[in-house]
Every structure is written in C-alpha cells, then in structure tokens.
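See structure below.
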Amino acid sequence: MDEEAFFKKLNSLCTSKEIFCFVSSLQVMSDTMASAALQRISEVEVDDSGLKNPEGVLENEVFRALCFQFEFGSSKLSNTGLLNALQALMKLRVDPQSTLIVSLLSEGEKRLRKLSVKNLCALGESLLELESPSCATLEQIMHQVQEKDVEKWSPREMVLVYKILQVAVREGKQYQDLLNRMNNVTLTIVSQLSPKFTSTILNSLVILNQSQAVPLLRALCKHSVNHIPYFLGDELVDTLDAFLCFGYGEQIFTEALEMHVPKSIFTMHPQTVSKVMQYCCQKQILSKPIFDAVAESFIADGDKLTPEQIAGYIVPFGTLNYLPPSASSLFRKLETILRARFSHFQPHTLLNLLHSCVLIQRYPLNFLPRLFRPYFLHQLQAQPPGLDRTVTSQLIHIFLTVTLECPFYKGPKLLPKYQVKSFVIPRSSLDVHLLKRVRTGLLHLLKRRTYFASEVSTPYFYVVDIEMKLDEEGFVLPAAQREEVHRRIALCVDGQSRFCINSHNLLGEEAIKQRHLQLLGYEVVQV
C-alpha cells in the first residue's frame, strides 16, 4: 500500500484493535508508516488519566512485533520514523528504562547534528516525558537549535522549543539571545496560534520570566480573547496565570469571560473556576454574571469540591464585597459543608473562608468557638505564613465583627495576646494625592491645621484617614482635644484602589471598616 492511502486509512480508524488488525494485514510497511501507526494508537488510547487499556495495547502481538523491529533495527530507521516512534512509545507509557526506549534515545542522540528543527523538537519532547530528562542531551539539543533559522520554524516547532527551554533554563543555562529571537518571530505569527499553542507560549513566558517581551505579551493576551470559548481547562488556567503574572487585565478579555463562564459553568473543572475567581479577585473585577454563575454552581455541586476549591469559589465574594441573588442558598450550602467537613480544612484556608464571610455580613457563629480556641491558633502559628500581621488582622476583623455586630454571641473571644495595635493597611490602598487635596481643602475651609488629624489610630484597631471633632453645637474642636467632644467625624478618603475596578462598589475590607466605625460612634463621610 502506498503511504498516502495508508495514512488516509489509518486516520479513519478509532480503536487500537482496528489499527492492529489493519497493520497485520500489510505484508510490507516503511518505518515511517509503522511509527505513524504507533502514534495513532497513542492518540486513540491515551487520555488525561493515562493509557486506557494497558494490557490490550502493550501485550498485543502486533504491538510487540513492531517494538521488536524498532529496538533491533534502530540504526536503520529514518530520522522521522525513529523520533515519531519514540514520541508515541513515551506517550503510551512504555518503561523509560526498557531496552527499547534506551535504544531509540541512544540512536537519537547519535544523530543530533543531522536532525532538522522538527526532529530536534520531537527528540526534546520525548525527553520531557521522562521524570528526570537528561539535561546533557537537552543542552546538546539546544546547542543545535540555536544554530537554526528561527524565522523558518513552524508554530508547533516554536512551541516545543519554548517547552524545552523551560527545563534548560531551570538547570541554569542561559539562552536569552535565542529567546529574544524567538519572541520577535513569535510576534509575527501570533494570529496563527491555536488555543493550545497560545496558552503554552504564555505559560513558557511566565516560567522563563520574559516580562520584558511586552509587545509579544500584549499580542498574545489580545489574541487569547478569541480563544476563550475553545480553551481547555488547563489552557485557560495557564492563560489566566500569565495575565496575573504580567499584570494584564483588558476589559475585552473580561467581557469574553462573562460570555463564556455562565454558559459553561456546570461543565468547567473546579480548578478552572477557582482560577477565574482568583483572576477576578486579584484584578478587583466584580463581574456579576461570573459571580452569580459561580454561586449557582456552588449551590449545585459544592459537595464535590476540595476545601481549597471551596475557598477559591467563596473568598472572592467577601474580598470584592458582593452578595449574589442566591446568597441565602449559597451560604446555607457553605454552612452544611463546613459542618460535615470542618476538620478537612487547613487552618489558613478556613480562616480565609470565614473572614470573607464576615466581610459581607455572613456571620459564621457556629464555628467561631473553634476558631478562637488556643489549639486552632497554635495550628495557625505552626503553618506558613504563621501569625503574621495579615493573619492577625483577619482574626481581629472576625473578633470585632462578633463584638460589634453580634452582641448576642457569648462564646470564646480572641485572646489579647493575638491582638495588634492597628490593621495592616497596604500603602497602595491610600490615595496619597487625593488625601493631600482633601487636607488642602480642609485647611482652606478651617484656616488652621490643628482642627483635623490625619491617619489617626483608634482604640479599636482601625486607622481613620482624617478625623474631626465637633462640640454639642456643631463647632469644630482642635483635634487634640479630648473633653466636650460630642461628635466624631471619620473622613474616609476613598481613592479608586478601594473600589472594585470601574465601579463604586467598595472592597470588602473597606466596607467592613466603615461599617464598624459607624458602630463605634463615628459619623462616616466618604470623600
């Protein structure tokens, strides 16, 4: 049978049994055809969980006969036949220590200087399948690759070289000149990249720390918008990781996510949903279509999630200060899961989860006695990051919430030794330019700087941006005066960084601060 007819027939077969039957019917076959048969078997028999039917494939007489020919005739194989067979056998999980794989790898290494970029990539990809690939061989492959003309590479070859570089650079080898050439050429072929290639290159740029490749990153991020409906779960995760790593967050990308996620939420992998929520949370994007869909998904399938995935779904609601329409069902489901699986949650995961609840006035009273016990606090301290100021601030938020908002709570409280003087306030959350303008305006109005104070620490851990005091008749008092103070005004200088992006929705930590200041007797005025 001529090769064209062979490949046409081979690609129409959908099971290894059909392929073995077809191959055994042929009297003569080239090594290229035989390696293609192995590749087709790997395509139909291997999925994300591995080889579907190991015994039916690896013990098959036709498969064993093909392997015998490849092992003892490796020196006579064409480059394409050799390397395609090696790739297929690695995907079929043939023992890397077997004489078959060792023989093919050894023969491939002997031919390094004569291999095309395509075949070098095939050899490199096979090496990457090994748990501990030979770094010396990868280095030799990269030495040969550097001498090739990057502009003539196909998109697939470009992607494979990026993947090989991830390992080579991890081993301390520097290939920045090659990377610069690749980044420049990849920029010209971005429009040709499939969803898989797009996400793989973005992931490589993250691992290879190519933050300086700004034009390429922008082009890839813009191009990825078109692929959102077609990304597989891990591909979307890698793409979102790259957006987070390099600081990209285009509105058009968010809009594409809003179109895709609600329609696909019940078929998406929980890890992918968690990554979407992490992206929204870190970018401070309050997307109601996404959050509402995630809430419905959690209500339906929350029992199937791991503790970390549960936190990934729920924590952003508190961080971005948003209650979905199904909030009552959502938190009822969460409470049911916590009752059944409380001991399964790691201490810091549990703290993040309960802290996010109090930010949006969902009080986990049934679980607070365990949270404030010395044993749990010791567990927090023993695991990274320990009881740093951020963790302690979360504990105090919960403590203040039950003290001010749940006076009927009579259980254990946070011990004084775990309380700090004030909350950790990221410097980026305070708009210093707006604060300066407000101070200037107050000085112009009140004539004297002594009538207001800036960044005032309260006895209740919060820091007030600007505090003013009034007497009973409404006259302004000096900021330092303690007697005859009838009203206290807290001016919250809320720059854009305290809101969800492109909205007037305060972030959870700022919302709870203003709520608590009011309960502590302040008149809160937003500026």
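Laid out as a table, the results:
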{"quantity": "Qualifying residues in segment 467-493 (those that are of a type in the set (D, E, K, R) and part of a strand (DSSP E or B)) - the one farthest from LEU400 (Cα to Cα)", "calculated": "LYS469"}
{"quantity": "Only one of SER98, SER106 that is within 28 Å of TYR175 (Cβ to Cβ) and not charged (D, E, K, R)", "calculated": "SER106"}
{"quantity": "Residue, farthest from GLU125 (Cα to Cα), within segment 86-99, restricted to residues that are of a type in the set (A, V, I, L, M, F, W, C) and open to solvent by 10 Å² or more (accessible area, probe 1.4 Å)", "calculated": "VAL94"}
{"quantity": "Counted residues, segment 358-392 - those being within 18 Å of TYR462 (Cα to Cα), free of Cβ contacts under 8 Å to residues at least 60 places away in the same chain and open to solvent by less than 40 Å² (accessible area, probe 1.4 Å)", "calculated": "2"}
{"quantity": "Residues of segment 76-113 satisfying the condition of being within 17 Å of HIS143 (Cβ to Cβ) and touching a helix residue (DSSP H, G or I) at 6+ places or on another chain (Cβ under 7 Å)", "calculated": "GLY108, GLU109, ARG111, LEU112, ARG113"}
{"quantity": "So MET268, is it more than 24 Å from ILE207 (Cα to Cα) and among the aliphatic types (A, V, I, L, M)", "calculated": "yes"}
{"quantity": "Residues located in segment 496-513, provided they are part of a loop (DSSP other than H, G, I, E, B) and either of a type in the set (S, T, N, Q) or under 23 Å from TYR460 (Cβ atoms) (or both)", "calculated": "ASN502, SER503, ASN505, LEU507"}
{"quantity": "Residue within segment 46-55 that is part of a helix (DSSP H, G or I) and buried (at least 17 other Cβ atoms within 10 Å of the Cβ) present", "calculated": "no"}
{"quantity": "Qualifying residue in segment 458-466 (condition: at pLDDT below 95, closer than 30 Å to THR392 by Cβ, in a strand (DSSP E or B) and among the polar types (S, T, N, Q))", "calculated": "no"}
{"quantity": "Test for LEU120: is it more than 22 Å from ASN203 (Cβ to Cβ) and either assigned to a strand (DSSP E or B) or free of Cβ contacts under 8 Å to residues at least 60 places away in the same chain (or both)", "calculated": "no"}
{"quantity": "Answer from PHE367, PHE345 - the residue that is over 25 Å from the mean Cα position of the chain (by Cα), closer than 27 Å to ALA327 by Cβ and aromatic (Phe, Trp, Tyr)", "calculated": "PHE367"}
{"quantity": "Condition met for GLN251 (touching a strand residue (DSSP E or B) at 6+ places or on another chain (Cβ under 9 Å) and open to solvent by 20 Å² or more (accessible area, probe 1.4 Å))", "calculated": "no"}
{"quantity": "Test: residue in segment 417-424 that is part of a loop (DSSP other than H, G, I, E, B), in contact with a strand residue (DSSP E or B) (Cβ under 6 Å, 6 or more places away or on another chain) and at pLDDT below 90", "calculated": "yes"}
{"quantity": "The lone exception for ALA300 - which of (1) of a type in the set (A, V, I, L, M); (2) over 18 Å from PHE331 (Cβ atoms); (3) open to solvent by 50 Å² or more (accessible area, probe 1.4 Å) it fails", "calculated": "(2)"}
{"quantity": "Filter result (at negative phi and touching a residue at least 12 places away in the same chain (Cβ under 8 Å)) within segment 474-488", "calculated": "VAL476, LEU477, PRO478, ALA479, ALA480, GLN481, VAL485, HIS486, ARG487, ARG488"}
{"quantity": "Hits in segment 171-215 (condition: assigned to a helix (DSSP H, G or I), open to solvent by 70 Å² or more (accessible area, probe 1.4 Å) and touching an Asp or Glu at 6+ places or on another chain (Cβ under 7 Å))", "calculated": "LYS196"}
{"quantity": "Qualifying residue in segment 44-54 (condition: more than 24 Å from ASP95 (Cβ to Cβ) and either without any contact (Cβ under 8 Å) to a residue 60 or more places away in the chain or over 37 Å from the mean Cα position of the chain (by Cα) (or both))", "calculated": "no"}
{"quantity": "In segment 329-344, the residues that are modelled with pLDDT under 95 and open to solvent by less than 40 Å² (accessible area, probe 1.4 Å)", "calculated": "PHE342"}
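Rundown of residues vs (1) surrounded by fewer than 18 Cβ atoms within 10 Å (Cβ to Cβ); (2) more than 39 Å from the chain's Cα centre (by Cα), yes/no style:
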| position | (1), (2) |
| --- | --- |
| VAL432 | yes, no |
| LYS436 | yes, no |
| LEU445 | yes, yes |
| THR450 | yes, yes |
| PRO459 | yes, no |
| LYS469 | no, yes |
| ALA480 | yes, yes |
| ILE489 | yes, yes |
| ASP494 | no, no |
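Conditions tested, residue by residue: (1) under 23 Å from ILE314 (Cα atoms); (2) aliphatic (A, V, I, L, M).
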residue: LEU368; (1), (2): yes, yes
residue: GLY386; (1), (2): yes, no
residue: THR392; (1), (2): yes, no
residue: PRO412; (1), (2): no, no
residue: LEU415; (1), (2): no, yes
residue: VAL432; (1), (2): no, yes
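The values are calculated or read from the model by the stated rules, or taken from the named source; none is laboratory data. Not measured: the values here are computed from a predicted model. Here Cβ is always computed from backbone atoms with ideal geometry, including for glycine, and neighbour counts include all displayed protein chains. Accessible surface areas use protein heavy atoms only, side chains included; no ligands, DNA or RNA. Shrake-Rupley method; radii C 1.70, N 1.55, O 1.52, S 1.80 Å.
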